[in-house]
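Coordinate-derived values only; no laboratory data. On a predicted model such as this, the values are computed, not experimentally measured, just so you know. No Cβ is skipped: glycine too gets one built from the backbone with ideal geometry, and neighbour counts run over all protein chains shown.
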Amino acid sequence: MIVSLLKIWYGNSTVIWLKSDRKAIAGLYAVFIAYGLAVCGIRRKRAMEIERKFLIEKLPEDLGQYPVWCLEQAYLCREPVIRVRKEEYKEKKEFILTYKSDGLMEREEYNLPLTQESYLHLKAKADGRIITKKRYRIPEKSGLMIELDIFEGDLEGLIMAEVEFPDKETANAYQPPEWFGKEVTFDKTYHNSNLSKGKE
């Protein structure tokens, strides 16, 4: 069995992950969470992600007035989800490692900042395609935010909107705008981790 070491640098600290085949990475989330909470998780941790997801067939006419981020993300594991992402907005870049538990509308989520070097190292370990997309953030009623994703590359043509909520009750009561299409919150096909399956 092939065993390799993955290093993640954070300031003067180092995390070393022992990786034995791709399936073994499922156990790494415990190390990731423990390290994140101990070192920097208090400011980056989100205990629960609650969101609804919709397909979009027609873009809003005023889309150009909203800020847009360029996202690139790769998946190291799908059960549980372990993802690395680069976010670019104007001249600013952020690199983030994310763990997500299994689930549909509600999922446990933890985020940890990475250096660019660590991001590139882990990106090279990706299982499947690298997802690239443009993300527009559109203010919504009641202080909510619509994240509109326009996919690129071999996923071009796919457009989805996600709305995150502070609690399950707010999520269930939400009435989407007329330009939203079919809801796919409970269809795992549209999880980005599953969309990443494909070209190596």
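Couple of notes before you dig in:
- Residues in the range 131-162 that are closer than 14 Å to PRO60 by Cβ and small (Gly, Ala, Ser): 1 in all.
- Residue match in the range 54-69 (condition: out of contact with any Cys (no Cβ under 7 Å at 6 or more places or on another chain), buried (at least 20 other Cβ atoms within 10 Å of the Cβ) and assigned to a strand (DSSP E or B)): yes
- Enumeration of residues in the range 105-122 that are without any contact (Cβ under 8 Å) to a residue 60 or more places away in the chain and surrounded by 18 or more Cβ atoms within 10 Å (Cβ to Cβ): TYR119
- Matching residues in the range 116-154 - criterion: being among the charged types (D, E, K, R), under 18 Å from THR98 (Cα atoms) and in a helix (DSSP H, G or I): GLU117, LYS123
Per-residue answers, yes or no, for (1) hydrophobic (A, V, I, L, M, F, W, C); (2) in contact (Cβ under 8 Å) with a residue 24 or more places away in the chain; (3) not in a strand (DSSP E or B):
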{"residue": "GLU72", "(1), (2), (3)": "no, yes, no"}
{"residue": "TYR75", "(1), (2), (3)": "no, yes, no"}
{"residue": "VAL84", "(1), (2), (3)": "yes, yes, no"}
{"residue": "GLU88", "(1), (2), (3)": "no, no, no"}
{"residue": "LYS93", "(1), (2), (3)": "no, no, no"}
{"residue": "GLY103", "(1), (2), (3)": "no, no, yes"}
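- Filtering the range 165-173 for residues that are over 29 Å from GLY64 (Cα atoms), among the β-branched types (Val, Ile, Thr) and out of contact with any Lys or Arg (no Cβ under 9 Å at 6 or more places or on another chain) leaves an empty set.
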